[in-house]
Amino acid sequence: MFCFELVQIMPKGVEPDADERTLKVTHRKLALKFHPDRWRSDSDHGMAREEAQEKFKEIQNAYDHLMSRFDDEYDENDC
């Protein structure tokens, strides 16, 4: 997955070069919204349980990849 696609998973306002704190705060909000254990049929996102689980996985993968650039071994060509 390319960085552009990863950033599209995150909500508008999160830039590809966002700082660590911005990514963490955004991830937490999205994770709480789509987490499978917090899913309800009347949730504001209007997704079925399976769709919400898939979205949660996408969000988690995007977050993990975007946060990897803050690791010591980050390769700038990775993203």
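Ordering of 17-24, 50-57, 35-42 by packing is 50-57, 17-24, 35-42, highest average first (other Cβ atoms within 10 Å, averaged per residue).
Extension gain, V25 to D37, is 2.4 nm, computed as 0.36 nm per intervening residue step minus the present C-alpha separation.
Where a number appears in this text, it was derived from the coordinates with a stated rule and is not lab data. It should be emphasised that the depicted structure is a prediction, and the values quoted were computed from it without experimental measurement. Using ideal geometry, Cβ is built from the backbone for each residue, glycine included, and neighbour counts are taken over all protein chains shown.
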